[in-house]
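**Student:** Got a structure for you, written out below as structure tokens; questions coming shortly.
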Amino acid sequence: MTNPHELDPVTPRLAARDVSVFYGDKRAIDNVSIDIADEYVTAFIGPSGCGKSTFLRSFNRMNDTISGARVEGSIALDGKDIYTSGMDVVQLRARVGMVFQKPNPFPKTIYENVAYGPRIHGLSSNKAELDEVVERSLQRAGLWDEVKDRLSDSGTALSGGQQQRLCIARAIAVDPEVILMDEPCSALDPIATAKIEELISELRGKYAIVIVTHSMQQAARVSQRTAFFHLGKIVEYGKTSEIFTNPREERTKDYITGRYG
Amino acid sequence: MNSPSHQQRIVAHLASRHAAERRFRALGFFSVALSALVLGFLLFTILRDGLPGLDWGFLTASDATDPAKAGIWGALKGSMMTMAVTLALAFPVGVFAAVYLEEFAPKNRWTELIEVSINNLAAVPSIIFGLLGLAVFLALFPNWRSAPLIGGMTLALMTMPVIVISGRNAIKAVPPSIRDAALAIGASPVQTVFHHVLPLALPGILTGTIIGMARALGETAPLLMIGMKAFVATPPEGFTSPSSVLPVQIFLWSDEIDRGFVERTSAAIIVLLAFLLAMNGLAIYLRNRFENRW
Ligand SMILES: Nc1ncnc2c1ncn2[C@@H]1O[C@H](COP(=O)(O)OP(=O)(O)O)[C@@H](O)[C@H]1O
Ligand SMILES: [Mg+2]
């Protein structure tokens, strides 16, 4: 694969080196290296089962929650390996937020959903400050106008697209450096999807964003860097525009022209 | 596909399908009616025999040799205190055990063994728990014979596994996506459990608890084993003073030859049922409150 340093002369926020992920004896990710920078939205594409989610979950150590899962190699966040014993996972996850495939708001009020993160991390010292964080996060997630009059309604009463934006607001509320999104639109209708994509473009630059998507159009629309995964390896990583117009690898070309996947 | 013969086949089939539907409904209705009938008959005879004797004097007096003076207060208070001890011991221990087994315990041979043991414990006949109470609790505290504390401890032994099992099922039913959401925002495993999993599992846990408590309330055999069958003419003053409990009182009165005790027995059953209903009501109230929070 391409050395990402040649590609992007910027300091990477996340740097994965020779990462392999195992489920028991099964190797789901095989010696993958990649740099991820703040400036871009990075898309992971590839046929289902190729390990995109697995790799994404290794950035915030959500793989730790799966019994039998094991990660080898190193992933550095701001130059510091997140898999050393000195790294506190709780702190790591405050710095690397995640949005899941199926919207999963807490069955609590809209306000509580957003306030939860800042509260457990002790980020605001009083109610007024917390109110402010909640409002700012909902505004950034493009949800404020829709919910400002019903903050005490249940988060689960919102529509699917609103729920997903609530989940994004929840992640933003702790002011992370990275936001991981695992097919955030796959459960949404086209209009809700468009809103999320718009939101991702707005958030770009404020956070390093990594998005897994099975939609090539989506990758093309929202991302500036694309990594194509196949059978647990990165086949090709580069500028999104180049990957889609002029892929170097035959397998990439086959995939984006819909020959398999 | 939609040829006339195709349609005819479906129609020909339809009649027998509707008939099956009707048969099942009839069967279901019959079953419900039968149980309602039995219950109704039971309630009717008990109310008929017991209501006349259910007056203030009966509710405030304690056991006596003269049926006209015998009351239920001693046994009722004893039952309440026993249940309080049972709940105070079985609920926290049961819930913590369920949480630990479901959320934290490593999956190995030891935890498997513990799981199987707890499941078996729930099926152990209650008199065995009585024997255990006799052999262990009474051996340790011989002065507390017949006391609500010992009774409650004994009943807690048999209620705890019920709470563990229902608790585990309720915890298992909480969608994993909620745990993912909490962990991904940086909640620690313990915070995830206490902020998210337990509140969602609580209605189910409460349902299991009430089933366990209802069983414990009606339990007679283990309490007989630890001596709660003595004639106690005063309500228990504390958790360590000798006491009777409702089901044992009913058992003792039903054994009396004096005709006057027949009415007392029925009246005591009514009190026991009312206690049970009150406990159920409380559980339903709590469950609704927790469910409405979101
Ligand atoms: N929890 C798990 N336990 C065992 N195998 C898993 C687990 N999650 C994923 N896998 C396997 O790892 C491979 C990669 O899965 P995944 O990362 O979900 O792929 P993708 O997101 O690209 O569709 C698949 O073969 C899948 O079966
Ligand atoms: Mg996936």
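**Student:** For chain B, modelled as a Gaussian network with Cα springs under 10 Å, which listed residue fluctuates most, B:A68, B:A36, B:A135?
**Tutor:** B:A36
**Student:** Can you tell me which of B:T159, B:T240, B:T82 moves the most in a GNM of chain B? Springs connect C-alpha atoms under 10 Å apart.
**Tutor:** Maximum among the listed residues: B:T240.
**Student:** Taking Rh as the Kirkwood radius computed over C-alpha pairs, what is the Stokes-Einstein D of segment A:78-189 at 4 °C in a medium of viscosity 1.567 mPa s, expressed in µm² per second? If you can, show how the numbers build up before the last one.
**Tutor:** On the way: Rh = 14.4 Å.
The diffusion coefficient I find is 90 µm²/s.
**Student:** Can you give the average number of partner chain beta-carbon atoms within 10 Å of each beta-carbon in peptide B:194-200, as a whole number?
**Tutor:** Mean shielding by partner chains, rounded to a whole number: 2.
**Student:** For A:V90, what charge total do you get from the other residues with a beta carbon under 13 Å from its beta carbon, if Lys and Arg give +1 and Asp and Glu give -1?
**Tutor:** So the surrounding residues net to +1.
**Student:** Let me know the charge dipole size of chain A about its Cα centre in debye, to the nearest 20, where only the beta-carbon of Lys, Arg (+1) and Asp, Glu (-1) is charged.
**Tutor:** Once rounded to the nearest 20, the dipole reads 420 debye.
**Student:** Largest first and to the nearest Å, give the Cα extent of the protein assembly as shown along each principal axis.
**Tutor:** Cα spread of the protein assembly as shown along its principal axes, largest to smallest: 102, 74, 51 Å.
**Student:** Report the antiparallel proportion of the DSSP beta bridges in chain A as a percent, rounded to a multiple of 5.
**Tutor:** Working: 24 of 42 bridges.
Once the DSSP bridges in chain A are tallied, antiparallel ones form about 55 percent.
**Student:** With a 10 Å cut-off between alpha carbons and a GNM built on chain B, which of B:V32, B:V11, B:V124 moves the most?
**Tutor:** Among B:V32, B:V11, B:V124, the largest GNM mean-square fluctuation belongs to B:V11.
**Student:** Something else about it: Taking the Cβ of A:Y207 as the center, what net charge do the other residues with Cβ under 12 Å away carry, scoring Lys and Arg +1 and Asp and Glu -1?
**Tutor:** Taking every Cβ under 12 Å from that of A:Y207, the sum is 0.
**Student:** Between A:S201 and B:S188, what's the calculated FRET efficiency when r is the beta-carbon distance and R0 is 30 Å? Round to 0.05. Walk me through the intermediate numbers first.
**Tutor:** Values: r = 34 Å, r/R0 = 1.12.
Given R0 = 30 Å and the Cβ-Cβ separation, E is 0.35.
**Student:** Cα to Cα, under 13 Å, and not fewer than 8 places away if on the same chain: which aspartates and glutamates meet these conditions relative to B:K107?
**Tutor:** B:E115
**Student:** Along the positive direction of the dipole of chain B (beta-carbon charges: Lys, Arg +1; Asp, Glu -1; about the Cα centre), which of B:L54, B:S146, B:F44 reaches farthest?
**Tutor:** Highest projection toward the positive end goes to B:F44.
**Student:** If you don't mind, another one. Roughly what % antiparallel, to the nearest 5, for the DSSP beta bridges in segment A:73-221?
**Tutor:** So the antiparallel bridges in segment A:73-221 amount to around 25 percent.
**Student:** Same structure again: Using a simple spin-label model with points 7 Å from Cα along the Cα→Cβ vector, what separation in nm is obtained for A:M87 and B:F231?
**Tutor:** 7.7 nm
**Student:** Please state the Cα pair-distance histogram of segment B:58-293 with 10 angstrom bins from zero: what percent is in each bin?
**Tutor:** So the P(r) values, bin by bin, are 8, 29, 29, 20, 10, 4, 1, 0.
**Student:** Within a Cβ distance under 10 Å of A:V133, other residues only, what is the Lys/Arg minus Asp/Glu net charge? Don't jump to the answer; show the numbers that get you there.
**Tutor:** Values: positive: A:R119, A:R136; negative: A:E129, A:D131, A:E132, A:E135, A:D175.
Taking every Cβ under 10 Å from that of A:V133, the sum is -3.
**Student:** I need the helices of chain B that pass two filters: whole DSSP H segments spanning 30 Å or more by Cα along the axis, and mean Kyte-Doolittle score no lower than -0.5.
**Tutor:** B:4-50, B:73-99, B:148-172, B:260-292
**Student:** Same structure, new question: Loop only per DSSP, at most 10 neighbouring Cβ atoms within 10 Å: give me the chymotrypsin sites (Phe, Trp or Tyr not before Pro) in segment B:96-176, ordered by residue number.
**Tutor:** Values: sites: B:F96, B:Y100, B:F104, B:W110, B:F129, B:F137, B:W144; in loops: none.
Answer by residue number: there is no such site.
**Student:** Divide the volume of the convex hull of the Cα atoms of chain A by its number of residues and quote the answer in cubic angstrom per residue.
**Tutor:** On the way: hull volume 32.2 nm³, N = 261.
In chain A, the Cα convex hull volume per residue is 124 Å³.
**Student:** Can I ask one more? Shielding by partners for A:104-112, please: the mean number of other protein chain Cβ atoms within 10 Å of each residue's Cβ.
**Tutor:** Numbers: counts 9, 3, 9, 9, 5, 2, 0, 0, 2.
That works out to 4 on average.
**Student:** Which lysines, on any chain, are close to A:K233 with Cα under 27 Å apart, when same-chain ones fewer than 8 places away are left out?
**Tutor:** In chain and number order, the partners are A:K26, A:K52, A:K80, A:K102, A:K253.
**Student:** Moving on to the next point. Could you name the aspartates and glutamates whose alpha carbon sits less than 20 Å from that of A:K195, not counting residues in the same chain fewer than 8 places away?
**Tutor:** Straight-distance partners of A:K195: A:E135, A:D145, A:E146, A:D182, A:E183.
None of the figures in this text is laboratory data; all of them are computed from the coordinates on show. Note that the coordinates shown come from a computational prediction; the quantities given were computed from them, not determined experimentally. No Cβ is skipped: glycine too gets one built from the backbone with ideal geometry, and neighbour counts run over all protein chains shown.
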